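The values are calculated or read from the model by the stated rules, or taken from the named source; none is laboratory data. All values derive from a computational prediction rather than experimental measurement. As a convention, Cβ positions derive from the backbone with ideal geometry for all residues, glycine included, and neighbour counts pool all protein chains shown.
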Amino acid sequence: MHRIGSVRTGLLAVAVLLIALTVLAPITFAAKSVTVYVSYETDEAKIFMDAFQKDTGIQVNWIRQSTGTILNRLRAEKANPQADVWVGGSWGGYGAAADEGLFEPYVSPQAQYIPDKYKDAKSRWTGVYVGTIGFATNKDFLAKHPWVKAPTSWFDLLNPVYRHNIQMPNPGSSGTAMTTVAALIQIMGWDDAFEYLKDLDKNIQLYTEHGSAGGAAAGRGECAVGIIFAQDILHLIYAEHNPLVLSFPKEGTGYEVGGLALIKGAKHPDEAKVFIDWMLSEKAQNMWAKTGFYHMPTRIGAALSEGWPPASEINVINYDNNWVGANRDKIVAAWTKEVLQK
């Protein structure tokens, strides 16, 4: 009898355990999560993903890939989306995705603090950071030419002192260069911009393939000035300790916006909206100043990384990214014919 009682007791314990696991299992597997595609630097992304998970308790599954790769991935997954949110990467990709119906419009309560020029008019995406075109000038070059100051005008770059001593990227291969050339067209008009670019060509030492290469070359003293995104210049100055000065053209400069969007057909739309709200929040926007990657936040009043002047001191034009997207091939063809080949 004692043996039978022991067996019965053991079976009862197992049954109770199975019932408990059955009750608890749904709680475990129902834990909130969100899947995020990321198109900015991996180390930087980890800072934000970890902070969001800590603040909200929502598990983040994230994959880092370039803007173009993610765009093609969204196209391929349109019938069965595998992610809920896309964050970071150039707004050119976001514009294309929005026009192809890959995003679900969403107006975050935090979007009121983001200037209109940094978000889609139809609320299909919102900007989380900005990169502006600036000039990286070598300090040693300036010391050897004390009558020359760091350029604060596009026309300063035409000074003969810079003859064959400026590097800028090629708009056929670089988004940085496309932003630069497109901004000049929007500032000066098509004909005047190309006349300017032909004059500037006399001072160009090299058209680089990659966007930030000219700044790195200026830092090494291989040229006097590099025309690249300002956040890359700040990284070269403060993280890599290059002898450079950052300046901006007074006539105006172009910019890119790192986007943030709810993917259409997201499997976790509520968690995705929490993520979007958090990324646009004051806390998250202030974090851009602490990552060491020097992006400028889009939120009004957010903290800036070391070296950034106040946003009010940078003349950012009303850059028409939709026009750029529609005319990209025309711009590259004209630049190749009118500038590079001549």
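Below, the figures for the structure above:
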quantity	calculated
Hits in segment 281-323 - residues which are among the hydrophobic types (A, V, I, L, M, F, W, C), over 16 Å from ALA45 (Cα atoms) and outside any loop (DSSP other than H, G, I, E, B)	ALA311, VAL316, TRP323
From the options GLY292, GLY252, GLY265, residue that is touching a Pro at 6+ places or on another chain (Cβ under 8 Å) and surrounded by fewer than 22 Cβ atoms within 10 Å (Cβ to Cβ)	GLY265
Residue check, LEU206 in a helix (DSSP H, G or I) and either without any contact (Cβ under 8 Å) to a residue 40 or more places away in the chain or surrounded by 22 or more Cβ atoms within 10 Å (Cβ to Cβ) (or both)	no
Residue count, segment 255-280 (criterion: more than 16 Å from THR56 (Cβ to Cβ) and assigned to a helix (DSSP H, G or I))	0
Qualifying residue in segment 182-202 (condition: within 20 Å of ARG163 (Cβ to Cβ), within 22 Å of the chain's Cα centre (by Cα), not in a helix (DSSP H, G or I) and not acidic (Asp, Glu))	no
Qualifying residues in segment 171-196 (those that are of a type outside the set (Gly, Ala, Ser) and under 13 Å from SER212 (Cβ atoms)) - the one modelled with the highest pLDDT	THR180
Residues of segment 228-254 classified as in a strand (DSSP E or B) and out of contact with any helix residue (DSSP H, G or I) (no Cβ under 7 Å at 6 or more places or on another chain), total	1
Checking SER108 against (1) farther than 23 Å from LYS330 by Cα; (2) without any contact (Cβ under 8 Å) to a residue 60 or more places away in the chain; (3) among the small types (Gly, Ala, Ser), the condition it does not meet	(2)
Unique match (being crowded, with 18+ Cβ neighbours inside 10 Å and either out of contact with any helix residue (DSSP H, G or I) (no Cβ under 6 Å at 6 or more places or on another chain) or at pLDDT below 95 (or both)) among GLY101, GLY88, GLY134	GLY88
Answer from TYR94, TYR106 - the residue that is among the aromatic types (Phe, Trp, Tyr), at pLDDT below 95 and not in a strand (DSSP E or B)	TYR94
Evaluation of ALA45 against (1) in a loop (DSSP other than H, G, I, E, B); (2) under 16 Å from the mean Cα position of the chain (by Cα) (one fails), failing number	(1)
Residue within segment 120-138 that is out of contact with any strand residue (DSSP E or B) (no Cβ under 6 Å at 6 or more places or on another chain) and not assigned by TED's automatic domain parsing to the domain that holds GLY301 present	yes
Test: residue in segment 19-32 that is closer than 26 Å to ARG73 by Cβ, surrounded by 12 or more Cβ atoms within 10 Å (Cβ to Cβ) and at pLDDT 95 or above	no
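Residue-by-condition table, conditions (1) touching a strand residue (DSSP E or B) at 6+ places or on another chain (Cβ under 7 Å); (2) assigned by TED's automatic domain parsing to the domain that holds ILE300; (3) surrounded by fewer than 24 Cβ atoms within 10 Å (Cβ to Cβ):
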{"position": "VAL148", "(1), (2), (3)": "no, no, yes"}
{"position": "PHE155", "(1), (2), (3)": "no, no, yes"}
{"position": "ALA177", "(1), (2), (3)": "yes, no, no"}
{"position": "GLY189", "(1), (2), (3)": "no, no, yes"}
{"position": "ASP192", "(1), (2), (3)": "no, no, yes"}
{"position": "HIS210", "(1), (2), (3)": "yes, no, yes"}
{"position": "ALA216", "(1), (2), (3)": "no, no, yes"}
{"position": "ALA224", "(1), (2), (3)": "yes, no, no"}
{"position": "ILE227", "(1), (2), (3)": "yes, no, no"}
